[in-house]
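Participant: The structure is given below, and queries will be raised subsequently.
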Amino acid sequence: MPSDKAPGPDGYTGRFYKVAWQLIKVDFMAAISRLMLGDVSQLFLLNSAYITLLPKTADAIEVKDFRPISLIHSFAKIVTKLLANRLAS
């Protein structure tokens, strides 16, 4: 994850994970392990996103004048990246 990207709805950026890794790695890896074993009982807490429209121009009026973006939790971003990397090979 890039360190300087805008934070998602959870407020964490890549920099947080890099700086605090020694403190959070045990809990983080435990959460990843539970997901990989199929325990998705509390996944709804992390599997949410905010979708918003950003104007392409200052005088945006019509839908085509906007660009949609999705803000997802950083944990969900990491999990999807892990899965994508595993499936790619």
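Participant: Label points 7 Å out from Cα along the Cβ direction at residue 63 and residue 49: separation in nm?
Facilitator: 1.8
Participant: Could you work out how far apart the two model spin labels at residue 70 and residue 39 are, taking each label as a point 7 Å from the Cα in the direction of the beta carbon, and quote it in nm?
Facilitator: Inter-label distance under the simple model: 2.7 nm.
Participant: In region 11-82, what percent of the accessible surface is made up of carbon and sulfur (1.4 Å probe, ligands and nucleic acids excluded)? Don't jump to the answer; show the numbers that get you there.
Facilitator: Numbers: 3560 of 5570 Å².
It is 64 percent, rounded to a whole number.
Participant: Expressed as a whole number of Å, what is the distance separating the alpha-carbon centroids of region 4-33 and region 75-89?
Facilitator: So the separation of the two Cα centres works out to 15 Å.
Participant: Right, another one. To test your reading of the geometry: what angle, between 0 and 90 degrees and rounded to tens, separates the Cα axis of helix 74-88 from the longest principal axis of the chain?
Facilitator: Approximately 80 degrees, to the nearest 10.
Participant: What residues have an amide H closer than 5 Å to that of residue 66, excluding those fewer than 5 places away on the same chain, when H is modeled at 1.01 Å from N in the peptide plane?
Facilitator: 56
Participant: A follow-up question, please. Return the tail of the calculated pair distribution for the chain, meaning the percent of Cα-Cα pairs more than 20 Å apart. Could you put the intermediate results ahead of the total?
Facilitator: Details: 1893 of 3916 pairs.
Taking all Cα-Cα pairs of the chain, the fraction more than 20 Å apart is 48 percent.
Participant: If I fit a long axis through the Cα atoms of helix 21-36 and take the longest principal axis of the Cα atoms of the chain, what angle between them do I get, 0 to 90°, rounded to 10?
Facilitator: Orientation of helix 21-36: about 90 degrees from the principal axis.
Participant: Tell me, what ³J(HN,Hα) does each residue in region 42-48 have, in order and in whole Hz, if you take phi through Karplus 6.51 cos²θ - 1.76 cosθ + 1.60 with θ = phi - 60° and put x for Gly and Pro?
Facilitator: So the J values, rounded to whole Hz, are 10, 5, 4, 5, 10, 9, 9.
Participant: Go ahead and collect, in residue order, the members of region 46-89 whose backbone nitrogen is under 17 Å from a label point 7 Å along the Cα-Cβ direction of residue 18.
Facilitator: Within reach of a label on residue 18: 74-75, 78.
Participant: Related question: Rolling a 1.4 angstrom probe over the protein heavy atoms, how many square angstrom per residue are accessible across the chain? Before the final figure, lay out the partial values.
Facilitator: Details: 7010 Å² over 89 residues.
For the chain, the solvent-accessible area averages 79 Å² per residue.
The values are calculated or read from the model by the stated rules, or taken from the named source; none is laboratory data. Note that the structure is a prediction, hence the values are computed from the model and not measured. Here the Cβ is made from the backbone with ideal geometry for all residues, glycine too, and neighbour counts use every protein chain on show. What goes into the accessible areas is simple: the full protein's heavy atoms, side chains included, and nothing from ligands, DNA or RNA. Shrake-Rupley method; radii C 1.70, N 1.55, O 1.52, S 1.80 Å.
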